[in-house]
Amino acid sequence: MSLSDPRALRDAFGRFMTGVTVVTARDRSGNLVGFTANSFTSVSLDPPLILVCPGKFLSSYAAFEGCSHFAVNILAEGQEDISNTFAGFKGDRFTCTPHHIDANGCALIDGAVATFSCKRHDWINAGDHGLLIGQVTAFTTNDKRGLGYAGGQYFSLGLERGARDPEAKINVAGAIITAGDQLWLTQTPRGLAPLQCTLPDRRALRGSLRDHLATLGITAQLGPVFSVFDDPKTDTHYAYLLAEAPAGTAPDGITALPICALDDAVFDGTATTRMMARFAHEAQTRNFTLYLGDAEDGEFHAFTSN
Ligand SMILES: Cc1cc2nc3c(=O)[nH]c(=O)nc-3n(C[C@H](O)[C@H](O)[C@H](O)COP(=O)(O)O)c2cc1C
C-alpha cells in the first residue's frame with residue numbers, strides 16, 4: 001500500500017477495534033466543548049495517566065490545547081446517538097445530551113460506562129494531532145457494556161457475540177419498548193409480539209430498527225441488546241433491544257400492555273413467551289441480563305441497565 005494514499009492509511013488505522021469516548025473541557029470563555037474520540041488510551045497506573053488525541057481540525061482544538069482540566073467519557077452500547085452528536089452536530093451538543101458537571105467543571109455524560117475527570121499532565125504536538133495526557137483526579141465505572149467501533153462502524157459486543165450464524169438468511173431486529181408503565185407491542189394472529197422488522201443488512205441494525213419504528217409513529221431511545229438468538233429451523237437470526245418511548249398514548253395499531261399484566265399475556269410463540277417472561281421478571285429489579293444462544297437454549301450474561 002502507498003503512504004501517499006491518505007484514505008488507504010486511514011482505513012488501515014481504522015481496522016484497530018476500539019471503544020468510543022466523548023472528551024470534554026471548557027474553552028477560554030468557560031463554554032463547554034466536547035468531541036467524539038476513539039484515540040483514548042490508558043497510559044499509567046501510578047500516577048494514573050490517560051491520553052487522548054485531539055485533531056488540529058477540531059473547532060475546539062484551541063480549547064483542548066490550552067485546557068487545565070478535561071474529562072473522558074467511555075460511551076455505552078446504545079449511545080451511538082451521543083457519539084454522532086459529538087462527531088458532527090453543529091449546534092449546542094450539551095443541551096441535547098444528558099450530563100452533569102464534575103468537580104473540575106467538565107461535563108460527564110450520563111449513562112457512560114466509565115468517566116475519568118482529569119487535570120492536564122502534558123501536551124505533545126504530533127503531526128496533525130496533539131497528545132493530551134491527563135492525570136485522573138476522579139473516576140466512575142459500572143457494569144454496562146461499552147460501545148465498539150471498527151472499520152468506520154459501531155458494533156455491539158452483545159450482537160457480535162450472539163452472531164453464531166453470520167450467514168443466516170433472514171435477520172430480524174426487534175425492540176422491547178417500555179413507555180412509562182406500559183409495554184408497546186404488536187398483535188399477531190398467534191399472540192402479542194415485540195415490534196420488529198426484517199433487516200436488509202444486519203450491520204445497520206439500529207438504524208433500520210429506528211427507521212421502522214418511526215414509520216409506526218414511535219420515537220424510541222434504543223438501549224442495550226436484551227436477547228440474540230438463532231432459529232436454525234427457519235434459518236433466522238433474531239436480535240432484540242431494550243427501548244424506551246416517552247410515556248403517553250400508544251400510536252394507532254400498537255397494543256399498550258401494562259407491565260404488571262405481562263404474566264397473563266399470550267405471546268406469538270415459545271421463544272417470545274420465554275423472552276417476555278424473563279423481561280417481566282427482570283423489569284422488577286431492572287437488573288437485565290443478555291441472552292445469547294438459539295431459540296431453544298443458550299446462555300445468560302449479567303449486565304446492569306442503569
Ligand atoms: C468514532 C469516532 C472517533 C473519533 N476519534 C477522534 C479522535 O480521536 N480525535 C479527533 O480529533 N477526532 C476524532 N473523531 C472526529 C471528531 O469527533 C469530529 O471531527 C469532531 O467531533 C468534530 O467536531 P467539531 O465540529 O467541533 O470540529 C472521531 C469521530 C468518530 C465518529
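So here's what we get for this one:
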read-out: Residue pairs meeting the criteria (Cβ under 7 Å; at least 6 apart or on separate chains; first more than 18 Å from residue 150 (Cα to Cα), in region 83-99; second more than 9 Å from the ligand (Cβ to nearest atom) and of a type in the set (D, E, K, R)); value: 98/110; 99/110
read-out: Test: residue 36 is modelled with pLDDT of 95 or more, under 20 Å from residue 132 (Cβ atoms) and touching a helix residue (DSSP H, G or I) at 6+ places or on another chain (Cβ under 8 Å); value: yes
read-out: In region 57-88, the residues that are assigned to a loop (DSSP other than H, G, I, E, B) and within 8 Å of the ligand (Cβ to nearest atom); value: 57, 58, 59, 60
read-out: Residues within region 114-136 that are more than 17 Å from residue 55 (Cβ to Cβ), of a type outside the set (D, E, K, R) and without any contact (Cβ under 8 Å) to a residue 40 or more places away in the chain, tallied; value: 0
read-out: Residues of region 153-174 satisfying the condition of being modelled with pLDDT of 75 or more and within 15 Å of the chain's Cα centre (by Cα); value: 153, 154, 155, 156, 157
read-out: Residues satisfying the stated conditions in region 197-217, i.e. outside any loop (DSSP other than H, G, I, E, B), surrounded by fewer than 18 Cβ atoms within 10 Å (Cβ to Cβ) and modelled with pLDDT of 90 or more; value: 198, 211, 214, 215
read-out: Unmet requirement for residue 41, which otherwise passes all of (1) at pLDDT 95 or above; (2) within 11 Å of the ligand (Cβ to nearest atom); (3) farther than 12 Å from residue 74 by Cα; value: (3)
read-out: Within region 245-272, considering residues that are touching a residue at least 12 places away in the same chain (Cβ under 8 Å) and of a type in the set (S, T, N, Q), the one farthest from residue 214 (Cα to Cα); value: 270
read-out: Looking only at region 218-233, and only at residues there that are small (Gly, Ala, Ser) and assigned to a strand (DSSP E or B), the one that is modelled with the highest pLDDT; value: 227
read-out: Single match in 20, 52 (criterion: over 23 Å from residue 122 (Cβ atoms), near the ligand (Cβ under 10 Å from one of its atoms) and in contact (Cβ under 8 Å) with a residue 60 or more places away in the chain); value: 20
read-out: Region 116-144: number of residues that are surrounded by 15 or more Cβ atoms within 10 Å (Cβ to Cβ), under 21 Å from residue 87 (Cα atoms) and not aliphatic (A, V, I, L, M); value: 4
read-out: One residue from 112, 103, 138 being under 13 Å from the mean Cα position of the chain (by Cα), aliphatic (A, V, I, L, M), modelled with pLDDT of 95 or more and not assigned by TED's automatic domain parsing to the domain that holds residue 202; value: 112
read-out: Residue in region 68-79 that is under 15 Å from residue 25 (Cβ atoms), touching a Ser or Thr at 6+ places or on another chain (Cβ under 7 Å), among the β-branched types (Val, Ile, Thr) and surrounded by 20 or more Cβ atoms within 10 Å (Cβ to Cβ) present; value: yes
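Rundown of residues vs (1) in a strand (DSSP E or B); (2) closer than 19 Å to residue 300 by Cβ, yes/no style:
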position: 242; (1), (2): yes, yes
position: 250; (1), (2): no, no
position: 253; (1), (2): no, no
position: 256; (1), (2): yes, no
position: 261; (1), (2): no, no
position: 271; (1), (2): no, yes
position: 274; (1), (2): no, yes
position: 280; (1), (2): no, yes
position: 287; (1), (2): no, yes
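The values are calculated or read from the model by the stated rules, or taken from the named source; none is laboratory data. Note that the structure is a prediction, hence the values are computed from the model and not measured. Methodologically, a virtual Cβ is constructed for each residue, glycine included, from the backbone with ideal geometry; neighbour enumeration extends over all protein chains shown.
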